[in-house]
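Structure record follows, encoded as structure tokens.
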Amino acid sequence: MSETQPFADHLGITVDDTTVRVTTTERHANVSGTVHGGLIATLVDMAMGRTVRDQIDEDQSAATLQLSLTYLNPAEPGDTLIATAEIGKRGKAVVLLSAEVVTDDGRDIAEAVGTFTISGS
């Protein structure tokens, strides 16, 4: 299933069942000329949120409680970045996840861990 969101559309991010992806351009660059870390954090947050939402009931919602990100290598404008996430542990109201961001040629960009809360029913 594909999903569009105004913020993701603004950044050029696409979301599908298993990945969050963006092909970066100069508009994604920071003052150093590399891809802004905020874009990478956004990819991770969206991948984790998508993963949690796929595992909860329709009448439930999920929100980020905590996100910790380690940047491994800089991404350059022109790189296609791909974020994926997986659930590590799930309680009734809290989900722990891990995620990674890589380029389409497999270069590691970032690793992350996050905690999401589940509310509703």
Query raised in the report: Within region 17-25, is even one residue polar (S, T, N, Q), in contact (Cβ under 8 Å) with a residue 60 or more places away in the chain and within 17 Å of VAL102 (Cα to Cα)?
Result: yes
Query raised in the report: When you scan region 54-71, how many residues do you find that are surrounded by 13 or more Cβ atoms within 10 Å (Cβ to Cβ) and within 14 Å of GLU100 (Cβ to Cβ)?
Result: 3
**Report entry** Those residues of region 73-92 which are surrounded by 13 or more Cβ atoms within 10 Å (Cβ to Cβ) and either under 17 Å from LEU11 (Cβ atoms) or hydrophobic (A, V, I, L, M, F, W, C) (or both), in sequence order
**Finding:** ALA75, GLU76, PRO77, ASP79, THR80, LEU81, ILE82, ALA83, ALA85, ILE87
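Of THR51, THR103, THR42, THR24, which residue is crowded, with 17+ Cβ neighbours inside 10 Å, farther than 21 Å from PRO6 by Cα and out of contact with any helix residue (DSSP H, G or I) (no Cβ under 6 Å at 6 or more places or on another chain)? Full working, then the answer.
On the way: THR51 fails: farther than 21 Å from PRO6 by Cα; THR42 fails: farther than 21 Å from PRO6 by Cα; THR24 fails: farther than 21 Å from PRO6 by Cα.
Result of the check over THR51, THR103, THR42, THR24: THR103.
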Report summary line: When region 69-95 is checked residue by residue, the ones that are free of Cβ contacts under 8 Å to residues at least 24 places away in the same chain and under 14 Å from the mean Cα position of the chain (by Cα) are none
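Every read-out reported here was derived from the displayed coordinates using simple, explicitly stated rules and does not represent laboratory data. Just so it is clear, the model here is predicted, and its values are computed rather than measured. So basically every Cβ, Gly included, is an ideal-geometry build from the backbone, and we count neighbours across all protein chains shown.
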